1. Can you run phi through the Karplus equation (6.51, -1.76, 1.60; θ = phi - 60°) for region 111-116 and list ³J(HN,Hα) in whole Hz, with x for Gly and Pro?
2. Sequence gap at least 6, Cα distance under 8 Å: using those rules, report the relative contact order of region 15-126 to the nearest whole percent.
3. For the residue pair ALA40 and LEU174, what label-to-label distance in nm results when each label sits 7 Å from Cα along the Cα-to-beta-carbon direction?
4. Under the 0.36 nm per residue contour assumption, what length would be gained going from the current alpha-carbon distance of ALA166 and ALA7 to full extension?
5. Please work out how much length the chain gains when fully extended from THR136 to ARG118, using 0.36 nm per residue of separation minus the C-alpha to C-alpha distance, in nm with one decimal.
6. If I model a spin label at VAL153 and ARG213 as a point 7 Å from the Cα along the Cα→Cβ vector, what separation in nanometres do I get?
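Derivation of every value follows stated rules applied to the coordinates shown; laboratory data play no part. Computed from a prediction, not measured in an experiment: that's the story for all the values here. Please note: Cβ atoms are built from the backbone with ideal geometry, for glycine as well, and neighbour counts cover all protein chains shown.
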Amino acid sequence: MIDDSRARILAVSLELFAERGHHAVTVREIADRVGLTKTAVLYHFPSKSDIVAALVEPLLTESEAVVAAAADLGDPGERAWAVVAGLLDVWLNHRTLLRIQMRDQSLAADERTFERLRDFAVSVHESIAGPGADLTARVRAAQVYAMLSDPVVLFGDQPADLLRAAILDGAERLLGRSGPVPAARPVAAPVPPRPARRGRPGVLSAEMIESARRMRDAGEGSVDEIAARFGVSRATLYRHLTESR
């Protein structure tokens, strides 16, 4: 039930933000459409910025994973193209969120999210430009980055396969690359209930610990259910709750 409520809040928030923009939507409106009280929504997300941060998390996590995987490729050209094709698939999957960003720049409402977005953009530029790149290569990398995101935002209502092919064709021309276009990555659900994780984390952030404590004290699920919600073991959850007393 905890996960279901959280997922419904995120899904409805994405829908409302897409309809009217982040700044025009209130927490009460989100609560009314979900069928919860405002207090219940704030229990899961203390502010609208926290909702935005949760919506952006899968986009950032998947995008960062693309860059990290490409770093293992030895050839600079193949590494750059892996980043280009991989990011495009992620961004097409999250195009509704990117279009919300174009509308009111709300993805950067949370300072930590803004810093991750900024640092990520820098890492993408470096991955595409390659080591020791001159000004021309760095400018081209910035152009490719914009070439990936802008069409996704402007033409996000077009069929994803056609849009993908057109964007990759333009990127190939800009990079002077030729060869077969890689197959698209599998499309995931548009709003995952919670951020994708690689295995179980060994630690929880202070915010996650506090949220887990509130859930426990409110009787919102068993210890096992709360641990599953945060993707940790029962023992890890106990350890954090005990240490934070």
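1. Whole-Hz 3J(HN,Hα) from phi for region 111-116: 4, 5, 5, 4, 5, 5.
2. 31 percent.
3. 4.6 nm
4. Details: separation 159, 0.36 × 159 = 57.24 nm, distance 3.31 nm.
Extending this stretch completely gives an extra 53.9 nm.
5. Working: separation 18, 0.36 × 18 = 6.48 nm, distance 2.13 nm.
Gain on stretching THR136 to ARG118: 4.4 nm.
6. Label-label distance for VAL153 and ARG213, simple model: 4.0 nm.
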